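Let me begin by presenting the structure, written as structure tokens, before commenting on it.
No value in this document is a laboratory result; all are computed from the given coordinates. This one's a predicted model, so the numbers in the text were calculated from it and none came from an experiment. Cβ: placed from backbone, ideal geometry, glycine included. Neighbour counts: every protein chain shown.
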Protein chains: 2
Amino acid sequence: MPRAITAFSNPLVKQARGLRDKKNRRREGLFLAEGLRILTEAREAGVLPQLLFYSDAAHPLLHRLIDETEAQGGEAIETSADILHKISGKENPQTVLGIYRAFDTSLRQIDRNAAPLWIVAQALRDPGNIGTILRTGDAAGAGGLILVDECADPFSVEAVRASMGALFTQRIAAAPWAEFLGWLRDGEGELVGTSLETDIDYQQPTYRKPAFILVGNEQAGLPADYAAACDVVVKIPMLGRADSLNAAVAAAVMAYEVVNQFRRRGL
Amino acid sequence: MPRAITAFSNPLVKQARGLRDKKNRRREGLFLAEGLRILTEAREAGVLPQLLFYSDAAHPLLHRLIDETEAQGGEAIETSADILHKISGKENPQTVLGIYRAFDTSLRQIDRNAAPLWIVAQALRDPGNIGTILRTGDAAGAGGLILVDECADPFSVEAVRASMGALFTQRIAAAPWAEFLGWLRDGEGELVGTSLETDIDYQQPTYRKPAFILVGNEQAGLPADYAAACDVVVKIPMLGRADSLNAAVAAAVMAYEVVNQFRRRGL
């Protein structure tokens, strides 16, 4: 049975609110996700929260979330919109939020042959970009996102929100470049870099499975030695005055090119 | 000659800071843009600020901005990092920001034959999406962005920032749906809707110039009657569990498909 919490000073409220900070997420191995749509995506992917806070139990999908959370040993807590506002920090908080255990982000949990493509982001700083790439990866049939070097936290509230639930359906790994490259070369896989420093149009190569699409940092792009380690480096044509695309947009344009090639070849 | 302002209470500082609010932007017909990169994009597109605030004049590109702003009758104001922080509201403010006159956003300033494609966004709520679409439109050779119905403000700080300067190189128009449709049908142009409620793959049609790519609201997508008014409605394949892409990502995937077709056909 759900219990009710109405006090702002309740330790669970404090703990949940603390998960907006990266250092607390790291220390506790937990993260926050908000909104019935995202929590339902998680449930359908088999992931349930340890703690579920809600302020309005009218929706049948919320009933299912409560039931399944409790059945898995988690706890459902009825609370007020004010307390949800305090936890989420948003002006118009969602009526439900969950605390989830962070996933294993080691490369060894990635089965590269489980998907035709993977997205690799290097030193990506914007959590919204990370979430958007996860969402795009899911839509394009990617297996997941590999975060190389120091990236924004994929378990941040902004990344989870932008992923629209794809955080729970895509695999996520994080590794320094050398470790990633060692892992990649220890098996099949074509590493496709995107850069402005090449004349090869992104529609020119014939991509192979599994394709690893590598996008670089928002400001600096891919370091030259990272690009040199790729099997092919391609450029999305820039037909205007700007010299680059948003990183999540570049990842999407590349991912759909690879997908379209695989579709044409019946792969 | 630039003058110096060091007082937080200076009316120009107050006015600049006020432009973070939409109602002040509307009333004064002005908007803020931040950062040397974006202001230089603007200058190269022939657009100079009325007022230029800067805290560090070391960069040669800033010297050019100051000179040209003053030559055009604008004013350059040397100030402190603290005051730039106060104006921008950002923790780490850029060292330069400009106040610009808002552009005419009527449909009549759009020359549809000036570009092979245009992006049309309906009821888009996220200013970051609007800025990202402007940036993508520039890269894909679009003529500009037409905002249909009630959209986020393209002159908001978030939209200007996400556009990375494309706000100054892309045409921007805003109109209610009925006015837009009347304008569109009064000339050439294929209206290409994106929707999940169709079986036509986005790579199936042969697109014609000028193509108008229509993306709908982030949550609701395109209204059914808007989709019915399109020449063709297409779907980007969704191969995972998610049922949609981020609106700016969908616009980009569509725009590059249209561009790629035109490139193949030598258009």
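Brief remarks on what is shown
- Only Lys, Arg, Asp and Glu carry charge here, each on its Cβ (+1 for the first two, -1 for the last two); on that basis the protein assembly as shown has a dipole of about 300 debye about its Cα centre.
- Here the label points at B:Glu68 and B:Thr198, each 7 Å from Cα along the C-beta direction, are separated by 4.1 nm in the simple model.
- Across segment B:59-155, the relative contact order, built from alpha-carbon pairs under 8 Å that are at least six residues apart, equals 22 percent.
- Span-like helix check, chain B: no full DSSP H segment qualifies, none having both a Cα axial length of 30 Å or more and a mean Kyte-Doolittle of -1.0 or more.
- Across segment A:3-101, counting alpha-carbon atoms alone, Rg and Dmax equal 12.3, 35 Å.
- Across A:Lys235/B:Lys22; B:Lys14/B:Lys90; B:Lys22/B:Lys86; A:Lys22/B:Lys14; B:Lys23/B:Lys209; A:Lys235/B:Lys235, pairs whose alpha-carbon gap is larger than 27 Å: A:Lys235/B:Lys22; A:Lys22/B:Lys14; B:Lys23/B:Lys209
- Average other protein chain Cβ within 10 Å of Cβ, residues A:228-239: 2
- Using the Cβ of B:Leu214 as centre and a radius below 15 Å, the other residues enclosed give a net charge of -4, where K and R count +1 and D and E count -1.
- Counted over segment B:37-178, the DSSP beta bridges are approximately 20% antiparallel.
- Sequence-distant contacts, meaning Cα pairs under 8 Å at least 6 residues apart, place the relative contact order of chain B at 18 percent.
- Computed from the Kirkwood radius of its Cα pairs, the Stokes-Einstein diffusion coefficient for segment A:107-264 at 4 °C and 1.567 mPa s stands at 85 µm²/s.
- Share, in percent, of DSSP beta bridges within the protein assembly as shown that are antiparallel, nearest 5: 25 percent
- Modelled FRET efficiency - R0 30 Å, A:Met1 with A:Lys90, Cβ distances, 0.05 increments: 0.60
- Based on Cα contacts under 8 Å between residues 6+ apart, segment B:3-101 shows a relative contact order of 41 percent.
- Sorted by Cβ density within 10 Å, fewest first, the residues B:Thr198, A:Thr136, A:Thr206: A:Thr206, B:Thr198, A:Thr136
- Kirkwood analysis of the Cα pair distances in the protein assembly as shown returns a hydrodynamic radius of 24.7 Å.
- Beta bridge orientation in segment A:177-246: antiparallel %, DSSP, nearest 5: 10 percent
- Beyond 20 Å, the tail of the calculated P(r) for segment B:177-244 holds 28 percent of the Cα pairs.
- Between B:Asp186 and A:Arg185, the C-beta separation translates, for a Förster distance of 56 Å, into a calculated FRET efficiency of about 0.45.
- Volume per residue that the Cα convex hull of chain A spans, once the total is divided by residue count, Å³: 143 Å³
- Calculated over segment B:60-186: convex hull of Cα atoms, volume per residue (Å³): 127 Å³
- Highest average packing first - A:223-229, B:250-256, Cβ atoms within 10 Å: B:250-256, A:223-229
- Distance from the C-alpha centroid of segment A:237-267 to that of segment A:15-56: 32 Å, rounded to the whole angstrom.
- Cβ neighbours within 10 Å from other chains - mean over A:60-66: 0
- For the peptides A:21-27, B:241-247, residues were scored by their other Cβ atoms within 10 Å and the scores averaged per peptide; the highest-first order is B:241-247, A:21-27.
- Here is how the number arises for chain B: DSSP H runs of 4 or more residues each give -39500 (n - 2.57), the sum is divided by the residue count, and the result at 222 nm is -10500 deg cm²/dmol.
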